[in-house]
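Colleague: One structure, as structure tokens, below. Some questions next.
The values are calculated or read from the model by the stated rules, or taken from the named source; none is laboratory data. Bear in mind the structure is a predicted one, so any value in this text is a computation, not a measurement. Don't worry about glycine lacking a Cβ; one is built from the backbone with ideal geometry, like all the others, and counts go over all protein chains shown.
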Amino acid sequence: MRTQYCGEVSARDIDQEVSLAGWVQRRRDHGGVLFIDLRDREGVVQVVFNPDAADTFKLAESLRNEFVISVRGVVRRRPDGTVNPNMRTGEVEVVGGALEVLNRADTPPFQLDEEDIGDDIRLRYRYVDLRRPVMQQRLRLRHAITRAVRGFLDDHGFIDVETPILTRATPEGARDYLVPSRTHPGNFFALPQSPQLFKQLLMMSGLDRYYQIVRCFRDEDLRADRQPEFTQIDIETSFLDEDAIIALMEAMMRKLFADTLSVKLPDPFPRLSYADAMARYGSDKPDLRIALELVEVGDLLAGVEFKVFAGPANDPAGRIAALRVPKGGKLSRKEIDDYTAFVARYGAKGLAYIKVNERAQGTGGLQSPILKFLPDAVVEQILERTGAADGDLVFFGADKARVVNDALGALRVRVGHDLGLVEDGWRPLWVVDFPMFEFDDETKRLYALHHPFTAPRVDDIAALERDPANAVSRAYDMVLNGTELGGGSIRIHRTDLQETVFRLLGIGDDEAREKFGFLLDALKYGAPPHGGIAFGLDRLVMLMAGATSIRDVMAFPKTQTAHCPLTDAPGRVPEQSLRELHLSVRKPPTAG
């Protein structure tokens with residue numbers, strides 16, 4: 001049906017007969033001569049139909065956008081003045097000698113070159129949306145990325161192993177998707193949030209190095225970089241510590257970016273402790289392209305009478321941080337009010353600021369509603385510590401440390417983008433030395449910051465039990481341009497240590513045995529030291545493609561309500577199917 005792809009026709013084919021097939025992208029009638037732009041996955045080529053071949057010309061006149069056709073003709077060089085340098089095939093065209101309409105098409109719901117298309121329409125007619133060159137390029141980039149990852153891991157001794165999709169529900173931080181069992185009435189499978197336990201079991205099985213590009217499922221509220229089903233590059237190793245795993249994964253990312261984008265990433269990636277990341281950036285996934293940093297000023301404000309500052313400054317759980325915005329003095333009051341409303345989304349009660357209009361001597365020339373509450377000496381110390389110069393603006397966050405970090409961390413990114421302070425390029429880093437646990441004020445109990453199988457940095461159980469709140473884990477996250485690409489850790493490989501962590505998390509012996517008995521049993525039979533990492537493939541492709549949502553790099557994603565407009569899933573099932581699954585049949589409520 002075809003000798004080559006449309007986008008592959010070139011000057012070397014001049015005077016050769018070719019057979020092509022694809023979609024009509026555009027039809028143009030230029031004074032009795034018809035021009036058809038014929039498109040397939042490799043690109044577009046211009047096909048010319050002359051009225052000399054009456055039957056073929058008449059058929060060509062009936063063509064409309066998105067008709068599927070096949071064409072046979074001779075390649076020739078375009079006439080002088082008609083070469084299109086913006087097309088890969090722009091110096092040649094095909095003189096159509098034979099034409100066959102393989103399928104007609106209704107008028108598509110949108111034109112492929114439209115830019116402002118609603119997501120609902122795009123997803124409902126996804127098969128049309130995927131014809132757009134940008135979507136084709138993104139899916140091909142995704143293919144290139146997965147191929148490069150597989151190649152690297154294959155070359156480094158990793159074995160691809162599939163793990164179950166129907167498994168047991170385990171607590172991993174999000175709701176499970178549950179599947180009722182027909183053969184075990186009243187019982188449910190769960191779709192895996194990750195293959196975490198299975199990949200650890202593979203290490204206990206002596207596989208040594210495992211990987212899988214695997215589908216995962218989480219029933220949680222959605223956002224731009226979150227979907228109910230997503231894909232992980234899942235990796236686990238034996239007998240490697242965190243430094244060895246980090247070095248290996250860095251090498252994989254450097255090769256991946258070099259092979260697919262011709263980008264050279266740094267060697268090695270910088271590392272930042274969790275404590276430093278939170279102190280300097282208010283985030284454990286900082287975007288290093290933005291040079292703005294938070295500066296601690298609580299010690300300078302502990303003695304002031306201004307309660308907004310005095311309270312957090314003297315609260316062990318409080319924090320006061322300053323964010324200097326270079327040339328931010330030009331911000332209007334409305335813009336500052338908009339930023340105040342922005343940080344309120346993160347729990348901040350307000351947003352104090354000082355504008356540095358001119359500062360030849362002392363604190364003269366400063367502008368702020370809070371100056372009257374602060375001694376001149378304190379203000380001068382703050383400006384000196386933050387490095388504020390004429391024309392700058394200093395924002396303040398004062399509250400519980402978590403609120404300040406969340407609010408100013410988000411504000412730092414927002415201001416960086418608004419004021420053009422984001423550098424070009426790729427800035428990867430590792431964030432390490434995470435806390436082992438976090439304390440929930442409402443439930444008054446500890447939770448695992450990563451997951452309950454992460455190893456603490458201390459091997460001494462007694463030391464861990466004495467001060468779990470300050471325990472540091474052997475976890476590590478790879479961050480790129482403010483996005484967490486992947487996270488991992490060294491795992492617990494001793495039964496006694498795993499049981500201790502369960503107890504610290506409030507998981508009693510009976511619950512641990514019920515949910516993780518198979519893991520605890522496996523640990524008793526010679527578990528090696530092991531660790532791994534999982535990368536979010538969708539996020540990685542999104543970043544590398546320059547897209548803003550993972551929906552734009554997935555073939556058939558869901559909406560933010562986990563609905564598929566294309567298939568109208570989820571949907572109802574027949575009552576008989578529910579009975580076979582031992583589920584009660586509920587009648588929909590009637591009106592009135």
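Colleague: State all residues of the stretch 200-210 that are within 24 Å of Arg142 (Cα to Cα) and surrounded by 23 or more Cβ atoms within 10 Å (Cβ to Cβ); if no residue qualifies, say none.
Modeller: Correct list: Tyr210 only.
Colleague: With a cut-off of at least 3 residues that are under 33 Å from the mean Cα position of the chain (by Cα) and aromatic (Phe, Trp, Tyr), name the helices (runs of 4 or more DSSP H) lying wholly within the stretch 286-359.
Modeller: Fully inside the stretch 286-359 and qualifying: nothing.
Colleague: Quick one: is Gly118 outside the structural domain of Leu34 (by TED's automatic domain parsing), exposed (fewer than 15 other Cβ atoms within 10 Å of the Cβ), free of Cβ contacts under 8 Å to residues at least 60 places away in the same chain and of a type in the set (Gly, Ala, Ser)?
Modeller: Yes: the conditions hold for Gly118.
Colleague: Quick check on my filter: what residues within the stretch 417-470 are part of a strand (DSSP E or B) and small (Gly, Ala, Ser)?
Modeller: Matches in the stretch 417-470: Ala448 only.
Colleague: Related question: Test Leu505 against the stated conditions and say whether it is in contact (Cβ under 8 Å) with a residue 60 or more places away in the chain and touching a helix residue (DSSP H, G or I) at 6+ places or on another chain (Cβ under 7 Å).
Modeller: In short, no.
Colleague: Could you name every one of the strands (runs of 3 or more DSSP E) located completely within the stretch 136-250 that has at least 3 residues being of a type in the set (Lys, Arg) and under 18 Å from the mean Cα position of the chain (by Cα)?
Modeller: Where strands (runs of 3 or more DSSP E) fall fully within the stretch 136-250, none carries at least 3 residues being of a type in the set (Lys, Arg) and under 18 Å from the mean Cα position of the chain (by Cα).
Colleague: Something else now. Residue check: is Thr237 in the same structural domain as Gly532 (by TED's automatic domain parsing) and out of contact with any Gly (no Cβ under 9 Å at 6 or more places or on another chain)?
Modeller: Judged against the criteria, Thr237 is not a match.
Colleague: Hey, another quick one. For the stretch 475-523, enumerate the residues that are of a type in the set (D, E, K, R) and within 31 Å of the chain's Cα centre (by Cα).
Modeller: Scanning the stretch 475-523 gives Asp477, Glu484, Arg491, Lys515.
Colleague: Considering only the stretch 251-265, state which residues are without any contact (Cβ under 8 Å) to a residue 24 or more places away in the chain and buried (at least 18 other Cβ atoms within 10 Å of the Cβ).
Modeller: Listed by number, the list holds a single entry, Arg254.
Colleague: Now for a separate question. Condition check: modelled with pLDDT of 95 or more, within 28 Å of the chain's Cα centre (by Cα) and not assigned by TED's automatic domain parsing to the domain that holds Lys199. Does Leu566 satisfy that?
Modeller: yes
Colleague: Can you name the residue in the stretch 51-96 that is surrounded by fewer than 15 Cβ atoms within 10 Å (Cβ to Cβ) and touching a helix residue (DSSP H, G or I) at 6+ places or on another chain (Cβ under 8 Å) and, of all such residues, is modelled with the lowest pLDDT?
Modeller: Going through the qualifying residues, I end up with Pro51.
Colleague: OK, next. What is the residue count in the stretch 319-333 for residues that are under 14 Å from Gln367 (Cβ atoms) and in contact with a Gly (Cβ under 6 Å, 6 or more places away or on another chain)?
Modeller: Adding up the residues that qualify gives 1.
Colleague: Give the stretch 423-434 a look and list any residue that's crowded, with 17+ Cβ neighbours inside 10 Å and at negative phi, or say none.
Modeller: Trp426, Arg427, Pro428, Leu429, Trp430, Val431, Val432, Phe434
Colleague: Test Gly420 against the criterion of being under 30 Å from the mean Cα position of the chain (by Cα), more than 23 Å from Lys307 (Cα to Cα) and small (Gly, Ala, Ser), and give yes or no.
Modeller: The answer is yes for Gly420.
Colleague: Got a number for residues in the stretch 9-25 being of a type outside the set (A, V, I, L, M), surrounded by 17 or more Cβ atoms within 10 Å (Cβ to Cβ) and closer than 19 Å to Val68 by Cβ?
Modeller: 3
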